[in-house]
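Written below as structure tokens is the structure these notes are about.
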Amino acid sequence: MSTTTAPTGVPKKPSRAAAAGDLLDSRVGAAKIGKGLLRKIFPDHWSFLLGEIALYSFIVLIISGVFLTMHFVPSMAHVYYPEDALPETMQGVYMSEAMASTTYMSFHVRGGLLMRQIHHWAALLFMAAIVVHMLRVFFTGAFRKPRELNYLIGFTLLIVGLLAGLTGYSLPDDVLSGNGLRILEGVARSIPVLGAYLSMMIFGGEFPGVDIIPRMFTFHVLLIPALILALVSVHLFLVFWHKHTQYPGPGRTNKNVVGYPLFPVYMAKAGGFFFIVFGFLSLMGATMGINAVWNYGPYDPSLVNAGAQPDWYMLFLEGALRLMPGVWEISVFGYLIPLNILIPGAIIPGLLFTFFALYPFIERSVTKDDSEHHVLDRPRNVPVRTGLGVAFITAFMVLNFAGANDLIATHFDLSLNTITHVLRVAFFVAPVLAFIITKRICLALQRNDRNLVLHGHETGQIVRFASGEYIEVHRPLDEHERWILVGHEPGRPLEIDPPEDSAGVRRPGYHKDRLRQRISRFFYEDRVEPVTPAELAAANRHHDHHAAVDAEEIATEQGIEAAERAGHERDEESVGSGITSSGPPGSSTHG
């Protein structure tokens, strides 16, 4: 440990911070570790902020949740709301302690309503950021090797976030959250054989029981946040370990990272961005009311009104239940299986989420691509993946509209049955149309990119050659544009070995390879080949030739114009001096 010398020659004692830093460095090598982490390079792109929004929203959830936990009573024991407490509509009403404490906190605890609304808005933003972040990862291919595990961690965070929202949304024990729990109980009971036992285990007896609110409170404030913290820690560690993906551009390859160091650039940006997110959520909590449970009243199984929708991230489940016909039930070995609840409540969400979770492995098995990828795809260059993603979003949006079919009917004066019938058809037709249209658009954009690389940007300038030919002048692409348009690897259908070897023996595994080949044809049979180096060189020679011809034509035109201007100036000088040329060369006439 070094010391400094004061101007008087007396050694200056090191500061406490320097002493602590020296202690950590000498014991655990903190300087070496910190230097490696703080100087790590990260690429820069606005879409990378989506994951940061999710992280900062979760921090706000933790901060506001600690405050709410101090005033919330997780009990289903019934009490009378105080006669002298606000709001007046709740005075003397019989309700659970959970509902009473939530209402009392909103009106009589300083900052209680603000914290409740900040917490709720942060939960909505948290889920929105996770969903959009996962879609960005899906469409750009950020799930490819070596990030398959991190993709599954992100998907698990999405599922755990849904559980966090469900458990937190149900805690106030009002009419709206009670109806949501009733749907959960119905979905649990629809599961064959295990349904009744599962429902009894969740609710501690017949619905609603007396244990569901304390149990959800434990999950919501203890188990789920701990699981999210663990998953986020592993997720961030893998981002550090694998290095961050980057969008295509000049100098960006799978073996490097072009960007800025974590310290001081991204630490300053991250700190500022956190306060922006926190301020935005605080502004929403202060000005935009949400989940006014005193307007709904305590839970009553007999009350279900129009406009009873859950938060947006659970609306798809409500929509699936509303679209399913209510008469589909079958009996197997004496067990009644309500398909009208099982299919929309468990099977359809299970299929959608299973597709989303397993897609990286499906694509990898189809392409047999075992190389590492650190440069992202442009969605247009993988049209089938992009089309499948848009089809998934379309199905999700149809279910969301179905979850609000009563509001659509009342606000637009439409028939509720007609809306339901249209959305039933749209759930099967709209995703297919969305896939086809998206794939065609992606292929058209690829053809346009190919045309740009070979011919350049149109300028609108028309040039006529001496031969009489007219052409439009094109401006060549700069290096950055050209790199983005030609720097991707094309996907092609798999080539497999013949079904029999040279001796005529049937090759084992042929049928499996044949199936994989058919799937690969679905992915890559319709494609636009990128520009090859030979085509690019020929296009450059073509541009150089036209540039030389253009320069020659311009020089010729400039020479003619200069000669005409010179002759015009001589004529004006002759008129000014009184001399005109009227006879043969060499003769002149004096005026």
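The values are calculated or read from the model by the stated rules, or taken from the named source; none is laboratory data. Model, not experiment: these values are computed from the prediction. Heads up, the Cβs are rebuilt from the backbone with ideal geometry, glycines too, and the neighbour counts pull from every protein chain shown. Remember, those area values only see protein heavy atoms, side chains included, never the ligands or the DNA or RNA. Shrake-Rupley method; radii C 1.70, N 1.55, O 1.52, S 1.80 Å.
Just give me the residues in the stretch 446-501 being within 18 Å of Pro530 (Cα to Cα) and among the β-branched types (Val, Ile, Thr), in sequence order.
Val453, Ile484, Val486
Identify all residues within the stretch 302-353 that are acidic (Asp, Glu) and not in a helix (DSSP H, G or I); write none if there are none.
Of the residues in the stretch 302-353, the ones acidic (Asp, Glu) are 311, 318, 329.
Within the stretch 302-353, Asp311, Glu329 meet the criteria.
So which of Phe396, Phe392 is at pLDDT 90 or above, surrounded by fewer than 21 Cβ atoms within 10 Å (Cβ to Cβ) and touching a helix residue (DSSP H, G or I) at 6+ places or on another chain (Cβ under 6 Å)? Walk me through how you get there before you give the answer.
Values: Phe392 fails: touching a helix residue (DSSP H, G or I) at 6+ places or on another chain (Cβ under 6 Å).
Being at pLDDT 90 or above, surrounded by fewer than 21 Cβ atoms within 10 Å (Cβ to Cβ) and touching a helix residue (DSSP H, G or I) at 6+ places or on another chain (Cβ under 6 Å) holds for just one of Phe396, Phe392, which is Phe396.
Please tell me if Val160 is open to solvent by 40 Å² or more (accessible area, probe 1.4 Å) and modelled with pLDDT of 95 or more. Show your work before the answer.
Details: open to solvent by 40 Å² or more (accessible area, probe 1.4 Å): no; modelled with pLDDT of 95 or more: yes.
So Val160 does not fit the description; no.
Quick check on my filter: what residues within the stretch 63-108 are β-branched (Val, Ile, Thr) and open to solvent by 30 Å² or more (accessible area, probe 1.4 Å)?
Here is the first cut: in the stretch 63-108, the residues β-branched (Val, Ile, Thr) are 63, 66, 69, 73, 79, 89, 93, 102-103.
If the condition is that a residue be β-branched (Val, Ile, Thr) and open to solvent by 30 Å² or more (accessible area, probe 1.4 Å), then Ile63, Val66, Thr69, Val73, Val79, Thr89, Val93 are the ones that fit.
Among the residues of the stretch 294-317, is there at least one that is among the aliphatic types (A, V, I, L, M) and free of Cβ contacts under 8 Å to residues at least 60 places away in the same chain?
Taking the stretch 294-317 and keeping what is among the aliphatic types (A, V, I, L, M), we get 303-304, 306, 308, 314-315, 317.
Next cut, free of Cβ contacts under 8 Å to residues at least 60 places away in the same chain only: none.
No, the conditions are met nowhere in the stretch 294-317.
Within the group Val257, Val221, Val210, which residue is over 24 Å from the mean Cα position of the chain (by Cα), of a type in the set (A, V, I, L, M) and not in a helix (DSSP H, G or I)?
Details: Val257 fails: over 24 Å from the mean Cα position of the chain (by Cα); Val221 fails: not in a helix (DSSP H, G or I).
From the options Val257, Val221, Val210, the qualifying one is Val210.
Counting only residues that are small (Gly, Ala, Ser) and in contact with a Ser or Thr (Cβ under 9 Å, 6 or more places away or on another chain), how many does the stretch 142-175 have? Don't jump to the end; show me each part of the working.
Just the residues of the stretch 142-175 that are small (Gly, Ala, Ser), to begin with: 142, 154, 161, 164-165, 168, 170.
Subset that is in contact with a Ser or Thr (Cβ under 9 Å, 6 or more places away or on another chain): 142, 170.
Looking only at that region, the number is 2.
Does the stretch 299-308 include one or more residues that are in contact with a Lys or Arg (Cβ under 9 Å, 6 or more places away or on another chain) and β-branched (Val, Ile, Thr)?
yes
Report yes if Ile337 is among the aliphatic types (A, V, I, L, M) and in contact (Cβ under 8 Å) with a residue 40 or more places away in the chain, otherwise no. Show your work before the answer.
On the way: among the aliphatic types (A, V, I, L, M): yes; in contact (Cβ under 8 Å) with a residue 40 or more places away in the chain: yes.
Taking the combined requirement at face value, the residue satisfies it.
Name the residue, out of Phe139, Phe126, that is modelled with pLDDT of 95 or more, buried (at least 22 other Cβ atoms within 10 Å of the Cβ) and in contact with a Ser or Thr (Cβ under 7 Å, 6 or more places away or on another chain). Spell out the reasoning first.
On the way: Phe139 fails: buried (at least 22 other Cβ atoms within 10 Å of the Cβ).
Going through Phe139, Phe126 in turn, the sole match is Phe126.
Collect the residues in the stretch 464-490 that are among the aromatic types (Phe, Trp, Tyr), modelled with pLDDT of 80 or more and in contact with a strand residue (DSSP E or B) (Cβ under 8 Å, 6 or more places away or on another chain), keeping them in residue-number order.
Within the stretch 464-490, the first condition is being among the aromatic types (Phe, Trp, Tyr), and the residues that meet it are 465, 470, 483.
Checking which are modelled with pLDDT of 80 or more leaves us with 470, 483.
Residue satisfying the conditions is Tyr470 alone.
Quick check on my filter: what residues within the stretch 190-220 are aromatic (Phe, Trp, Tyr) and either open to solvent by 80 Å² or more (accessible area, probe 1.4 Å) or touching a residue at least 24 places away in the same chain (Cβ under 8 Å) (or both)?
Once the filter is applied, which keeps residues that are aromatic (Phe, Trp, Tyr) and either open to solvent by 80 Å² or more (accessible area, probe 1.4 Å) or touching a residue at least 24 places away in the same chain (Cβ under 8 Å) (or both), the stretch 190-220 yields Tyr197, Phe207, Phe217, Phe219.
Of the residues in the stretch 491-525, how many are open to solvent by 70 Å² or more (accessible area, probe 1.4 Å), part of a loop (DSSP other than H, G, I, E, B) and of a type in the set (D, E, K, R)?
5
Can we say Leu262 is hydrophobic (A, V, I, L, M, F, W, C), over 29 Å from Ala164 (Cα atoms) and surrounded by 16 or more Cβ atoms within 10 Å (Cβ to Cβ)?
Details: hydrophobic (A, V, I, L, M, F, W, C): yes; over 29 Å from Ala164 (Cα atoms): yes; surrounded by 16 or more Cβ atoms within 10 Å (Cβ to Cβ): yes.
Here the answer is yes, as Leu262 does meet what is asked.
With respect to the numbered conditions (1) in contact (Cβ under 8 Å) with a residue 12 or more places away in the chain; (2) within 30 Å of Glu481 (Cβ to Cβ); (3) surrounded by fewer than 17 Cβ atoms within 10 Å (Cβ to Cβ); (4) of a type in the set (A, V, I, L, M, F, W, C), which one is the sole condition not fulfilled by Phe353?
(2)
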